[in-house]
Amino acid sequence: MRALKTALAATLLVAAPAALAQQQLSIATGGTGGTYYPYGGGLAELINEHVEGYDAVAEVTGASVENMGLVWRGDSDLALALADTVYQAYNGTGDFEGRQLENIRALASIYPNAVQIVTLADSGIDSLSDLEGKTVSVGAPGSGTELNARAVLESNGITYEDIDARRLNFNETADAIRDGDIDAGFWSVGPPTSSILNLATTRDIRLIGLTDEEVANAKQTQPVFAAYQLKADLYEGMEEAVQTIGIPNVLAVSSEMDEELAYEVTRTLFEQTEQLIAIHPAANDTTVEFSVDSTPIGFHPGALRYYEEVGAEIADHQRP
């Protein structure tokens, strides 16, 4: 009997950790020089602290386009992506022509990205048209930045044949501008972003603004685009506000995610926002109002349940 009790106790000791094991969640973000990675890391902290039974970790990825594939295949549980990329993936258009990802759902739109076109102050580049004939980073391959850069350029009569296009991530773009290897670079990221902040401490930079006409042309190409003002003093040496394009960022999941988990993550996102703001100021825009005003595809049923509980008005296209 004593041997039986000893064996039973040993079995319970072995079984207990398994019963208490946390389910792992992967959050697909972007490069370390942008906003997705620190924001995703902050979201992971919120989940770990406030969503019982789950541990989450932020993963470095190639950002928006790649992230849609990761969620669709089930290789990531949550993903951050630009709204135009999410819209194209869900509808099978643009870069997703012929491969519609019908299982993509949204938990929320979390903050707007801003297209930021950066050059050195003495480069002689003062406008979008000045990029013609120049060496320009259009963002990492498969990133939302490249989608946005191409849309802004082509809608205003500039093709990749008119520039020497380089596909570099945020940190690589900043290094190449600093070292004189390229003339300018595109970022589509929540401002301010660390790679531009660091560049501005070592070189005098200029942010290239878009005219009203250029903004209007871009909006005709991508309906999710909106005029956006980069505030003065956002980066060192930036004395005046700069007009550009803003694009919502979406927190996307698979339609197969457990409804209760989707509800708890959405609830935690909006009820613990102050913790995210302490990690990155982009989270100042993480509100229910911004989310329901900006999300271009259907919400997951778990997220819908939260929005209905708080009395948010949901558009027809947001009900899958």
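The values are calculated or read from the model by the stated rules, or taken from the named source; none is laboratory data. Keep in mind that this is a model prediction, so the values were computed, not measured. For neighbour counting, all protein chains shown are included, and Cβ atoms are generated from backbone atoms with ideal geometry for every residue, glycine included. Ligands, DNA and RNA are excluded from the accessible area calculation, which covers all protein heavy atoms including side chains. Shrake-Rupley method; radii C 1.70, N 1.55, O 1.52, S 1.80 Å.
Descriptive notes on the structure:
- For the stretch 245-302, a/c is not less than 1.5, where a ≥ b ≥ c are the root eigenvalues of the C-alpha gyration tensor, and a/b does not top b/c. That puts it in the oblate class.
- Extension gain, Arg167-Glu45: 0.36 nm per intervening residue step, less the Cα-Cα distance, totals 40.8 nm.
- Length added when fully stretched, Gln243-Arg305, from 0.36 nm per residue minus Cα-Cα: 18.6 nm
- Note on Asp122 and Thr93: their simple-model spin labels are 4.6 nm apart, each label 7 Å out from Cα toward Cβ.
- Surface analysis of the chain yields an accessible area of 44 Å² per residue, using protein heavy atoms and a 1.4 Å probe.
- When +1 charges are put on Lys and Arg Cβ atoms and -1 charges on Asp and Glu Cβ atoms, the dipole computed for the stretch 96-237 relative to its Cα centre reaches about 600 debye.
- Using just its DSSP H runs of length 4 or more, each adding -39500 (n - 2.57), the chain gives a mean residue ellipticity at 222 nm of -12000 deg cm²/dmol after division by all residues.
- Rounded, prolate or oblate (a/c below 1.5 giving rounded, otherwise prolate when a/b exceeds b/c) for the chain by Cα gyration tensor: prolate
- Computed about its Cα centre, the charge dipole of the chain is approximately 1080 debye, with only Lys, Arg, Asp and Glu carrying charge at their Cβ.
- Rounded if a/c under 1.5, otherwise prolate or oblate - the stretch 115-188, Cα gyration tensor axes: oblate
- Maximal additional length on extending the Asp179-Ala216 stretch stands at 9.9 nm, based on 0.36 nm per residue less the C-alpha distance.
- Using R0 = 25 Å, the C-beta based FRET efficiency linking Ala278 and Asn198 works out to 0.75.
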